Amino acid sequence: MRSMARVFPVFGVAYVLSYALFFVAQDRALFSHNALFAYYPALGEFDWDLLKAPLAKTGPVMLWYGWIANSVIVGAVAAGIALLLPAGRSAKLWSVLVWAAPILSFLVLCYFERLWFIR
Amino acid sequence: MFSDNVAIFLLITHGIVAVFTLGALTHQVISLTWAPKGAGQAGFVTSLRAVRAAHYTNAIIVLYVITAILGGLIYVNYRIEVRQFYLDQYKMYKSNGLFEMKEHLIAMGLGLLPAYWYYWKQELKPEIAKVRTVLSAYLAFAVWFSFLVGHWLNNIQGFGK
């Protein structure tokens with residue numbers, strides 16, 4: 001566990017940055033659907049892709065769970081790669097990135113969410 | 001979706017666990033940023049400032065995860081009962097925006113918990129102290145913000161109305 005724990009900061013940085021990126025990509029319509037899965041609360045249904053039926057029939061779609069799943073996968077892959085590299089050299093870099101990344105991601109998300117407040 | 005009674009029970013439990021979480025995080029952040037210097041008189045405020053911050057770590061992680069899971073469960077009811085049938089109908093965009101920020105802060109906090117644990121379990125060095133302070137402050141901000149926004153939204157339109 002101790003040897004694995006050294007890559008926890010890598011997981012955190014990759015998770016936080018990818019979470020913001022997935023949200024921005026969705027917001028900018030860069031992909032039609034980028035969450036790992038979608039949830040339709042009115043239907044009580046998980047789907048890999050967005051349903052083709054109109055929203056009036058399906059009710060709203062929730063992508064939040066799918067974005068978290070995406071970020072867990074990205075974080076796990078990044079941590080897995082870091083685990084293969086020798087320990088120690090990059091520890092200082094990750095100790096800076098691990099607090100800078102959430103601040104940066106939060107500022108990016110604030111920028112893209114500003115539309116709610118200026119309508 | 002949960003029935004109204006189950007959703008209200010989960011919401012109240014979510015709120016109570018959130019209070020424990022923000023209490024623990026607030027103690028930890030105060031002791032990090034406002035630690036007492038020297039042996040002063042042990043009053044209420046000095047005691048608050050002098051708590052052993054590291055001892056809160058595991059409890060904070062467990063409480064944070066439980067709070068987030070409960071919030072994630074009742075989010076389904078919120079999306080339909082509160083957002084679709086009330087906030088969207090009355091064009092309450094600012095309230096929607098505040099909830100969006102709440103979900104982002106909590107989701108990112110979840111991903112930071114392993115790193116938070118890692119730095120708090122390490123021997124304290126000067127470069128580690130800053131990381132601990134920022135991560136604890138981030139989590140405290142996320143939980144306080146989410147707690148207040150949750151209350152705000154519940155006051156606008158709660159479950160089962």
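Taken together, the values in this text are just the output of simple stated rules run on the coordinates, not laboratory data. Quantities reported herein were computed from a predicted structural model and do not represent experimental measurements. Neighbour counts run over all protein chains shown; Cβ positions are idealised from the backbone, glycine included.
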Label points 7 Å out from Cα along the Cβ direction at A:VAL77 and B:LYS37: separation in nm?
-> 5.0
Residue among A:TRP64, B:ALA68, B:MET92 farthest towards the positive dipole end of the protein assembly as shown, charges placed on Cβ | B:ALA68
Excluding residues on the same chain fewer than 8 positions from B:LYS161, give the lysines whose Cα lies under 20 Å from its Cα.
-> B:LYS91
Nearest-0.05 FRET efficiency for A:HIS33 and B:LYS161, computed from C-beta distance (R0 35 Å) = 0.60
Size of electric dipole in the range B:20-161: Cβ of Lys, Arg +1 and of Asp, Glu -1, about Cα centre, debye, nearest 20 = 260
Which shape class, rounded, prolate or oblate, goes with the range A:25-119 when its Cα gyration tensor gives a ≥ b ≥ c as root eigenvalues, a/c under 1.5 marks rounded, and past that a/b bigger than b/c marks prolate?
-> oblate
Virtual spin-label span in nm between A:LEU50 and B:ASN5, 7 Å along Cα→Cβ | 3.9
Please check chain A for the longest run free of chymotrypsin sites (Phe, Trp or Tyr not before Pro) that are loop-located per DSSP (anything but H, G, I, E, B) and have at most 13 other Cβ atoms within 10 Å.
-> A:49-119
Report the label-to-label distance for B:GLN84 and A:ALA69 in nanometres (one decimal), using points 7 Å from each Cα along the Cα→Cβ vector.
-> 2.0
Yeah, the protein assembly as shown with a ≥ b ≥ c from its alpha-carbon gyration tensor (a/c under 1.5 is rounded, else prolate when a/b outruns b/c, oblate otherwise) is oblate
Just subtract the alpha-carbon distance of B:LEU124 and B:LEU73 from 0.36 nm times their residue separation and send over the number in nm, one decimal.
-> 14.7 nm
Rounded to the nearest 0.05, what FRET efficiency do A:LEU107 and B:LYS94 give with R0 = 25 Å and r taken as the Cβ-Cβ distance? Could you check?
-> 0.85
Distant alpha-carbon pairs in chain B (separation over 18 angstrom), percent = 62
Choice from B:TYR116, B:TYR93, B:TYR75 with maximal GNM fluctuation in chain B (Cα, 10 Å cutoff) = B:TYR93
